[in-house]
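Notes to accompany the following structure.
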């Protein structure tokens, strides 16, 4: 901790987005300033840390009096490589959750009457060890699963994967990456070798052209949006393809509205035009790729007429986008879940990877691919650290005999070469009776899983469920034991952000009540179940990661602290880290990018006479995922107090709906009732709803059965629905549509 004196604390200027002030109750800005001004400087703790909301990886100083977070203030710009002096509204003001009245500060166990009661750590850990151990003894480790946390540190996620395989004897360990960017990982790994962003964040300001799709950047990643808007202001072209005319489209050189679920079609249409008109980078294709001829042949089906018919994008807009990309010396291709959360999301990513490669936009400043990650540590904790059913840390395949032997030797256990269940497959397996117990850490599956009605039924029927979290979440309501974990302001470790930068997270205040860091809980539980874990710190855990994970071979706490962050691959302690991937070769057997023809698949469910609209879902600026943190911030809740449904004015007029009216949205799986927002942001054939509130539980409408065949990502972005004023007779043929009693 650095004393506030040493920080020369002069004031508490708030430098978040201008809209931030509107989200705070009147007078709170003054109160925050006054509260610090009234403190003696020596009473304050200040730590430079990394934000625990999205994966942009903003760094700032947090000020605390030991009881609560008083303010967040940008650290020195050179110590904040991603955000400089910028922060978004959540990272700046969203800390009321730490001291919320309903914060979980002691373990809970379910008594003989089915009610929760408080318990000591000893009793709670004994109950967990007995419950999980009994299932393992009776049915084998494969009857158990672990859902890891992309909000926890790298070190903790490493232990979550180790705990699953060593202690429980199961490869069924996964995390929220499965519900968002796993198709990104699959598609990019097939083409280039690494399933991650190839660029550094500064490349967003170096590019001559930026193509964004499926990314509501200003609301989901506002600090990145600021960089993009600054570059556009300075002359860069911005192309936006999206079903909604999102705010970033206001800054675009070209905005094209697309039909949800057909992204590979318009991307292939652009690539075909570029190849057919000899606009591709011939030398890059010849020297650094394979499969070009097969790709060119496969693209011939994507004629201008077919592209427009399927996607709704006029041919002249395809031509304009293609020529803009081809004319640019440096182009960045950015996307989020609008491209990936489909039953064919990997196809979409493969198509985008092809486009970036044929135009030569890889391995040079201002050019590359950039999937913007959502959870603060989903890149590191959700992928790099190996809490995955098919990979050890560093994306080392568990089916590889040599790799598996290395981990078996290090962990002193036998590990099956068979892949475990992916997250949504866990719920399907439990429904069949193949999986009987779950250990869920920092994940609110009762709201974040597709087909919430089904998820609730599974959680209710499990033989044993452990939930480890900050609150008694909707998921924890089903648990046999609930273990109180710490927030990111109460522990030390590392996060890896969206451009592969590993940064320090530092404790600014002691854990609340009897809560503990995830790594300490896992260690205590492993030892109760017969193992001998003896880690003194997360720095020691990272040293074990170094020894087993080549990508992180040189990433130590000491280096991250002294150098302000390191980007992987960082092979050893003499390696400087990798600012930009693929400058010389790709991470493939032959060093080439493997182009491959991609057709396109229909969405699993398309509109029809009974359900005539396409529902797509997403996030809003003033909330975060399922609201575990943001719902406890008064100012944020005043600004966005509920989910809603966006309806095109033409559609609203047809149904007699006005802004503010309560509207029932129904799919084949359930229904929800939310207020309407009449807006031309969406087209007349689509509706949009955010996913932040248990009261509406939008994922009651989504489908848990149709998954991407390669990445097992659910179809969150396309669901066939119908709408009606809430007081109209729906004739809905399905069953329970009540509100969840159970965050990704």
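Tabulated data for the structure shown
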read-out: Estimated distance in nm for a label pair at residue 408 and residue 461, the labels positioned 7 Å out from Cα along Cα-to-Cβ; value: 3.5
read-out: For 533, 519, order by how many other beta-carbon atoms lie within 10 Å, fewest first; value: 533, 519
read-out: Inter-centroid distance (Cα atoms) of region 354-413 relative to region 474-493, Å; value: 26
read-out: Cβ-based exposure ranking for 478, 280, 552, 419, in which fewest neighbours within 10 Å come first; value: 419, 280, 478, 552
read-out: Virtual spin-label span in nm between residue 527 and residue 573, 7 Å along Cα→Cβ; value: 2.7
read-out: Intensity falloff of region 162-264 expressed as log10 I(q)/I(0), Debye formula with alpha-carbon point scatterers, at q = 0.11, 0.12, 0.16, 0.24 Å⁻¹; value: -0.47, -0.54, -0.83, -1.35
read-out: log10 of Debye I(q)/I(0), alpha-carbon scatterers only, for region 193-371 at 0.15 Å⁻¹; value: -0.79
read-out: For region 129-197: rounded, prolate or oblate by the Cα gyration tensor [a/c cutoff 1.5]; value: prolate
read-out: Fewest-first sequence of 534, 514, 203, 661 by Cβ atoms within 10 Å of each Cβ; value: 534, 514, 661, 203
read-out: Alpha-carbon centroid distance for the pair region 183-219 / region 559-628, whole angstrom; value: 6
read-out: Overall form of the chain per C-alpha gyration tensor (a/c, 1.5; a/b vs b/c); value: rounded
read-out: Residue-span extension gain [residue 122 to residue 247] - 0.36 nm each, minus C-alpha spacing; value: 39.9 nm
read-out: Gyration tensor (alpha-carbon) shape descriptor, region 489-558, a/c threshold 1.5; value: oblate
read-out: Residues residue 43 and residue 606, FRET efficiency given R0 of 51 Å [Cβ-Cβ distance, rounded to 0.05]; value: 0.25
read-out: Stretch gain in nm, segment residue 329-residue 510, where the contour uses 0.36 nm per residue and the Cα spacing is subtracted; value: 60.1 nm
read-out: Gain on full stretching of the segment that runs from residue 705 to residue 662 - 0.36 nm per residue minus C-alpha separation; value: 12.6 nm
read-out: Label-zone membership for region 140-162, site residue 416, 7 angstrom Cα→C-beta point, backbone N under 14 Å; value: 140-146
read-out: Geometric extent, Cα atoms of region 465-526 - Rg, Dmax (angstrom); value: 13.4, 38
read-out: Estimated distance in nm for a label pair at residue 587 and residue 283, the labels positioned 7 Å out from Cα along Cα-to-Cβ; value: 2.7
read-out: For region 641-685 versus region 42-68, the gap between their alpha-carbon centres in whole angstrom; value: 39
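Taken together, the values in this text are just the output of simple stated rules run on the coordinates, not laboratory data. All of these numbers come straight from a predicted model, not from anything done at the bench. Neighbour counts are summed over all protein chains in view; Cβ atoms, including those assigned to glycine, are modelled from backbone coordinates with ideal geometry.
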